[in-house]
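Peer 1: Have a look at this one before I ask anything.
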Amino acid sequence: MYAGHVSAAARGITVLAAFLALLGAATPAQAKTTAGPDPVVQEWPSWPYPTVCHSLAFDPVAVFSSPTGVEFGSRPSEVALKRELQEMEGWDYRLVPPNNWRLLAETSNRAEFASGRLLAPGGPSVISVEKKSGVWKMSGLSSGCTPRSIVGEHEAITWTLAESQKALKRGTKTIKINLGPGPCASGRSQNARAMKPVFERMDDRLLMIMRLRPLPPGGYTCEGIVDPPLKVRLPESLGNSKLYDGGVYPPTDVAKLWRETFR
């Protein structure tokens, strides 16, 4: 397992108590459909970067190819997971599935587990447990994990094609994009902090990964700011390649998302 660097935003874990009131009840039968390897791995059987959901980095292909059911294991962290699941029995199944959990990553004093399909609405639920004073206890619960790539010790930020972007064609060399949410920055522009894109080619797929330059140490407020679209030059004309946001696993088909959103 990887145990790489992550941003301050990734270390923040939100317990989504209010989320329970927004979800309809799921059934145990629905929860059981998430057993075994995730189907996404068949489409994306390799990935060049470690990823992160909360604070521990992991290999997404290895993790989501692995068997589920670690809540029945005997490791101290797994025993703690099972105890926490039993105490949360009756919670909404889409936030706290009762079974089919898999280990994302573990250190000597922390472990993170996930349950649910990567492409399901909201994504997998994640539970973190920590060992304090020799006792393993839950330290975080969230829903909606989409594993984010870590490239050159920097966590990727998501991006989408801007509404003003024209339909992608073979001759497309420059695109206009909007950056997704990043760490709180006291109103600083994300465009101004955007690092040079990283491109990765996988067969006929061109992955583009965006990252932000880290902020100096200190506290920052979460003031909202709307940047204009950011212009990015591709390494060459798009040709027959399909363009993806490679900052997440599985990557996002940005042209498909653009059509669904704006056309």
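Peer 1: For the range 140-151, how many residues meet the condition of being at pLDDT 95 or above and part of a strand (DSSP E or B)? Even if it seems obvious, please write down each step before you answer.
Peer 2: Narrowing the range 140-151 to residues at pLDDT 95 or above: 147-151.
With part of a strand (DSSP E or B) added as a condition, the list becomes 148-151.
Looking only at that region, the number is 4.
Peer 1: Those residues that are over 16 Å from SER149 (Cα atoms) and open to solvent by 20 Å² or more (accessible area, probe 1.4 Å), I need them from the range 35-68; list them, please.
Peer 2: Once the filter is applied, which keeps residues that are over 16 Å from SER149 (Cα atoms) and open to solvent by 20 Å² or more (accessible area, probe 1.4 Å), the range 35-68 yields ALA35, PRO37, PRO39, GLN42, GLU43, SER65, SER66, PRO67, THR68.
Peer 1: Residues being assigned to a loop (DSSP other than H, G, I, E, B) and either surrounded by 16 or more Cβ atoms within 10 Å (Cβ to Cβ) or of a type in the set (A, V, I, L, M) (or both): count how many of those fall in the range 152-179. Walk me through it before giving the result.
Peer 2: Step one: of the range 152-179, the residues assigned to a loop (DSSP other than H, G, I, E, B) are 152-153, 158, 162-173.
The next check asks that each one be either surrounded by 16 or more Cβ atoms within 10 Å (Cβ to Cβ) or of a type in the set (A, V, I, L, M) (or both); those that pass are 158, 162, 165, 167-168, 172.
The qualifying residues number 6.
Peer 1: Given the options ALA185, ALA111, name the one that is touching a helix residue (DSSP H, G or I) at 6+ places or on another chain (Cβ under 8 Å) and part of a strand (DSSP E or B).
Peer 2: On the way: ALA185 fails: part of a strand (DSSP E or B).
Sole residue among the options that is touching a helix residue (DSSP H, G or I) at 6+ places or on another chain (Cβ under 8 Å) and part of a strand (DSSP E or B): ALA111.
Peer 1: Same structure again: For the range 64-121, give me each residue that is more than 22 Å from LYS131 (Cα to Cα) and of a type in the set (A, V, I, L, M, F, W, C).
Peer 2: Within the range 64-121, PHE64, TRP91, LEU95, LEU118, LEU119, ALA120 meet the criteria.
Peer 1: Right, something else. Give the range 116-138 a look and list any residue that's closer than 11 Å to LEU81 by Cα, open to solvent by 10 Å² or more (accessible area, probe 1.4 Å) and not acidic (Asp, Glu), or say none.
Peer 2: Scanning the range 116-138 gives TRP136, LYS137, MET138.
The values are calculated or read from the model by the stated rules, or taken from the named source; none is laboratory data. What you see is a predicted model; the values in this text were computed from it and never measured. Positions of Cβ are backbone-derived with ideal geometry, glycine not excepted, and every protein chain shown enters the neighbour counts. All accessible areas refer to the heavy atoms of the entire protein, side chains included, with ligands and DNA or RNA removed. Shrake-Rupley method; radii C 1.70, N 1.55, O 1.52, S 1.80 Å.
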